[in-house]
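Student: So that we are looking at the same thing, I have put the structure below in structure tokens.
The values are calculated or read from the model by the stated rules, or taken from the named source; none is laboratory data. From a predicted model like this one, the values you see are computed outputs, not experimental measurements. Cβ sites come from the backbone with ideal geometry, for glycine too, and all protein chains shown count toward neighbours. Remember, those area values only see protein heavy atoms, side chains included, never the ligands or the DNA or RNA. Shrake-Rupley method; radii C 1.70, N 1.55, O 1.52, S 1.80 Å.
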Amino acid sequence: MFLAARELVFARGRFALMGLVVALISLLMVLLSGLSVGLVNDGVSGLQRLPVTSFAFQQDISKDSAFSRSVVDGEAVRTWAEQPGVAAAEPFGNTLVNARTDRDVEIDLALFGIDPGGMLDPDPVEGRTLAGEGEAVVSMTAHEEGVEVGDTLVLEPAGAEIEVVGILADQHTYGHVDVAYVALPTWQEAKAGVREGDVVPDRVYDELTAVAVQAESGEEVDLAAGDDAGGTTSMTLEQSYGASPGYTAETSTLQLIQGFLFVISALVVGAFFTVLTVQRRQEIAVLRAMGASTGYLVRDSLLQSLVLLLVSAAVGVGAGVGLGAAIGSTPMPFALEVAPIIGATVLLVVLGVLGAAAAVVRITRVDPLTALGGSR
């Protein structure tokens, strides 16, 4: 009576072909997951590692380009620091620059202007923290590109010089560019393009990109009330990722591709089992004539599809993880994480079973008289 299990053995060529298709879909799913995570890390890991709960930008600023267009003043920082539920509010600057070290290593940097010793000041794994102006602590990825502690970064074209005093342990990138933490006045001069000997207007030292807000533990800050008081537009830390260059376009594109991949998987599995069910029509009719219930036949067929999907998905995921490990050692933004892979695999199997279930509905229409040579 175990027709489905016997078919997996005797029709192994047919099922192996189907399993290969599912395995390839699983492999592609793992690679897309790794690429998605890698692009997110490369785009906003610098923001993800900031100990903030929200940013307050310029009032009515376009949210998809807030970091590049927003300008707020020091008064906004003081106003936000007085809001209920706020543990700390500090100035934050963000701008992209081109630089060259004194050892001729060219590198693009995202300068994060912060208060040395404040909540945004990171702890380096090599060197020391910021002590004042003209110093920088850079991402580990910048170190991998050749930037060392003691190097002097020359910002182009202004020619301003910044000494590298520390290297961070993890990847800190923004918009696919390595992050360098600098003192706020250093950032303000770099953003204004100040050259040596220039007279700097006072307004330069009062301009910020945003106010970095950290809520008290267990508290929720009323962002709308804070915006009304400070004349700002707030976004949570997660919402601010969309203001990183290319983040929304990249993630939505990959999510769309993954969505189509899941739909294709369900359709492919469903089409395979539709054809298989048609070919098994006579055998199923015999089982019905022998007294097998419709529920039993449906469960038998779904179990067959589940075994095929689980084995094939396991093979595909294993191959994808192995290939992903090799890709992760290249400069390509690629990172494997367990949770996204498990979630995508479960969804793939569930959609495959649903596709098979839609196909085996035909079983309920098989007439036992067919097996006995009867006619209507």
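Student: Please determine, by comparing only the residues of the stretch 346-367 that are open to solvent by 30 Å² or more (accessible area, probe 1.4 Å) and more than 17 Å from VAL278 (Cβ to Cβ), which one is modelled with the highest pLDDT.
Tutor: Step by step, filter the stretch 346-367, then rank; the result is VAL346.
Student: Need at least 3 residues that are open to solvent by less than 60 Å² (accessible area, probe 1.4 Å), modelled with pLDDT under 85 and β-branched (Val, Ile, Thr) per element, so show me which helices (runs of 4 or more DSSP H) inside the stretch 220-290 make the cut, counting only ones lying wholly within it.
Tutor: Here the list reads 247-279.
Student: Take VAL164 and tell me if it is outside any loop (DSSP other than H, G, I, E, B), open to solvent by less than 30 Å² (accessible area, probe 1.4 Å), of a type in the set (Val, Ile, Thr) and touching a Phe, Trp or Tyr at 6+ places or on another chain (Cβ under 7 Å).
Tutor: Judged against the criteria, VAL164 is not a match.
Results for (1) open to solvent by less than 30 Å² (accessible area, probe 1.4 Å); (2) part of a strand (DSSP E or B), shown as yes or no for each residue.
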{"position": "ASN98", "(1), (2)": "no, yes"}
{"position": "PHE112", "(1), (2)": "yes, yes"}
{"position": "PRO116", "(1), (2)": "no, no"}
{"position": "GLU133", "(1), (2)": "no, no"}
{"position": "HIS143", "(1), (2)": "no, no"}
{"position": "LEU153", "(1), (2)": "yes, yes"}
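Results for (1) crowded, with 16+ Cβ neighbours inside 10 Å; (2) on the phi < 0 side of the Ramachandran plot; (3) assigned to a helix (DSSP H, G or I), shown as yes or no for each residue.
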{"site": "GLY13", "(1), (2), (3)": "no, yes, yes"}
{"site": "MET18", "(1), (2), (3)": "yes, yes, yes"}
{"site": "VAL22", "(1), (2), (3)": "yes, yes, yes"}
{"site": "LEU28", "(1), (2), (3)": "yes, yes, yes"}
{"site": "GLY38", "(1), (2), (3)": "yes, yes, yes"}
{"site": "ASN41", "(1), (2), (3)": "yes, yes, yes"}
{"site": "PRO51", "(1), (2), (3)": "no, yes, no"}
{"site": "ILE61", "(1), (2), (3)": "yes, yes, no"}
{"site": "VAL77", "(1), (2), (3)": "yes, yes, yes"}
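Student: Something else now. Given the structure, is ASP108 surrounded by fewer than 18 Cβ atoms within 10 Å (Cβ to Cβ) and within 29 Å of the chain's Cα centre (by Cα)? Reasoning before the result, please.
Tutor: On the way: surrounded by fewer than 18 Cβ atoms within 10 Å (Cβ to Cβ): yes; within 29 Å of the chain's Cα centre (by Cα): yes.
Against the criterion (surrounded by fewer than 18 Cβ atoms within 10 Å (Cβ to Cβ) and within 29 Å of the chain's Cα centre (by Cα)), ASP108 qualifies.
Student: Does the stretch 143-153 include one or more residues that are farther than 22 Å from SER68 by Cα and touching a Gly at 6+ places or on another chain (Cβ under 6 Å)?
Tutor: yes
Student: I'm trying to understand the selection: among the residues of the stretch 300-345, which are more than 17 Å from PHE262 (Cβ to Cβ), open to solvent by 70 Å² or more (accessible area, probe 1.4 Å) and among the β-branched types (Val, Ile, Thr)?
Tutor: Residues satisfying the conditions are VAL311, VAL315, VAL338.
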